[in-house]
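As structure tokens, the structure follows; a few thoughts come after it.
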Amino acid sequence: MIVSPTPKALEEALQFLHAGDLIGLPTETVYGLAADATQDLAVAKIFEQKNRPSLNPLIIHGATQTIFQEHVEWDERAQLLANTFWPGPLTLVLPRKLTSSISLLASAGLETLAIRIPHHPVALDLLKKFGKPLAAPSANRSGKVSPTTAEHVAEDFPNLFILNGGATTIGLESTILDLTSTIPFILRPGGILREELEAVIGPIQMHDSDTIKAPGMMKSHYAPHLPLRLNALGPQPGEAFLAFGPTAQSDLNLSITGELQEAAANLFKMLRLLDQMEFTGIAVASIPMQGLGLALNDRLQRAAAPRDL
Ligand code: TXA
Ligand code: MG
């Protein structure tokens, strides 16, 4: 059920969360499937509903930095990054405090927690009123394309109570930065760029897409049903063509003017649209490997990878 985020609907959402039930939550990146992070049974429902492998930990969302203090070991780098980029599409992986009340299932038994403050008025309002952290992975079935509208969420979870926050503005998941090593590591490229992070805390490393660093970051992910062919100059017979930049011929165009931000906001939506038509595959034009292009190519490579799930 898709509902507009009126005060009454927010009250209802809070009741669901307190009762250990799930809701669909808009953020600036993608929609989340949210539960009270401190209730084991509620967190277990996320894994069950998404059909998610239980070794794949969840991101914990809060409205303020203070709410995380009892859960993670904070340090100077985390402080600088949080002050600069939160609320926003940056997830920080930090050592988990032994006394944290967050469900161990949410962090898949790891000694770390992934946390962020989302930049969306509905999410922030709800998190403030809830007063506790919410565990929220992207609101899609495991391995499938992430949702950027409430309608996408309803396609995968028809019975879910979904707060409608409109189409997400970023369209790709948050950047995940591991701060538990001496040199921080980007585990997943996303809305905040490596250069932006380095400007604040100095050198960081990028994980190469062939190794799985974040648990559960399988190669095949974000996958539509149809096979994907990347760096295509044009479609082969039967294929849909997802273009980028000015072109004579395309079924859909990520950004006619070749803007990476627009392409990021359109990617998951357009993959879904082309996946529903009568094609044999989806050919995707090449996207430059700079700025947000890194995150875009990361998602495309996973969407095109052999389906190993
Ligand atoms: O933008 C986002 O981050 C969205 C919105 C809803 O906030 N959430 C999202 O969650 O993308 P999900 O579950 O689809 O992806 C979470 C990623 C997974 O790849 C997981 O392995 C990683 O975060 N992760 C979670 N906890 C971790 C931890 N303690 N250490 C390393 N990676 C972790
Ligand atoms: Mg996801």
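The values are calculated or read from the model by the stated rules, or taken from the named source; none is laboratory data. Model, not experiment: these values are computed from the prediction. Positions of Cβ are generated from backbone atoms using ideal geometry, with glycine treated the same way; all protein chains shown enter the neighbour counts. Heavy atoms of the whole protein, side chains included, go into the accessibility calculation; ligands, DNA and RNA do not. Shrake-Rupley method; radii C 1.70, N 1.55, O 1.52, S 1.80 Å.
Residue-by-condition table, conditions (1) surrounded by 19 or more Cβ atoms within 10 Å (Cβ to Cβ); (2) not acidic (D, E):
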| residue | (1), (2) |
| --- | --- |
| M1 | no, yes |
| D21 | no, no |
| A34 | yes, yes |
| Q65 | no, yes |
| W74 | no, yes |
When the range 120-169 is examined, which residues are found to be surrounded by fewer than 21 Cβ atoms within 10 Å (Cβ to Cβ), touching a residue at least 40 places away in the same chain (Cβ under 8 Å), out of contact with any Leu (no Cβ under 9 Å at 6 or more places or on another chain) and not charged (D, E, K, R)?
-> P121, L124, G131, N159, N164, G166, A167, T169
W86 versus (1) in contact with an Asp or Glu (Cβ under 9 Å, 6 or more places away or on another chain); (2) open to solvent by 10 Å² or more (accessible area, probe 1.4 Å): which is the lone unmet condition?
-> (1)
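Within the range 219-232, is even one residue within 16 Å of ligand 2 (Cβ to nearest atom), over 23 Å from Q79 (Cβ atoms) and either modelled with pLDDT of 95 or more or of a type in the set (A, V, I, L, M, F, W, C) (or both)? Talk me through it step by step, then tell me what you get.
So in the range 219-232, the residues within 16 Å of ligand 2 (Cβ to nearest atom) come out as 219-224.
From what is left, the residues that are over 23 Å from Q79 (Cβ atoms) are 219-224.
Checking which are either modelled with pLDDT of 95 or more or of a type in the set (A, V, I, L, M, F, W, C) (or both) leaves us with 223.
Yes, the range 219-232 has at least one match.
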Which one of these does L98 not meet: (1) assigned to a loop (DSSP other than H, G, I, E, B); (2) over 13 Å from the mean Cα position of the chain (by Cα); (3) under 12 Å from T27 (Cβ atoms)?
-> (3)
Could you tell me which of the residues L41, L94 is among the aliphatic types (A, V, I, L, M), surrounded by fewer than 21 Cβ atoms within 10 Å (Cβ to Cβ) and under 17 Å from A135 (Cβ atoms)?
-> L41
Does the range 40-51 contain any residue that is within 21 Å of D125 (Cα to Cα), in a strand (DSSP E or B) and either in the same structural domain as H120 (by TED's automatic domain parsing) or modelled with pLDDT of 95 or more (or both)?
-> no
Going by the conditions given, is Q290 at pLDDT below 95 and over 18 Å from the mean Cα position of the chain (by Cα)?
-> yes
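Within the range 144-168, track down each residue that is touching a helix residue (DSSP H, G or I) at 6+ places or on another chain (Cβ under 9 Å) and within 12 Å of ligand 1 (Cβ to nearest atom). Before you say what the answer is, go through the steps one by one.
Taking the range 144-168 first, the residues touching a helix residue (DSSP H, G or I) at 6+ places or on another chain (Cβ under 9 Å) are 144-149, 152, 155-157, 160-168.
If the condition is that a residue be touching a helix residue (DSSP H, G or I) at 6+ places or on another chain (Cβ under 9 Å) and within 12 Å of ligand 1 (Cβ to nearest atom), then K144, V145, S146, P147, T148, G165, T168 are the ones that fit.
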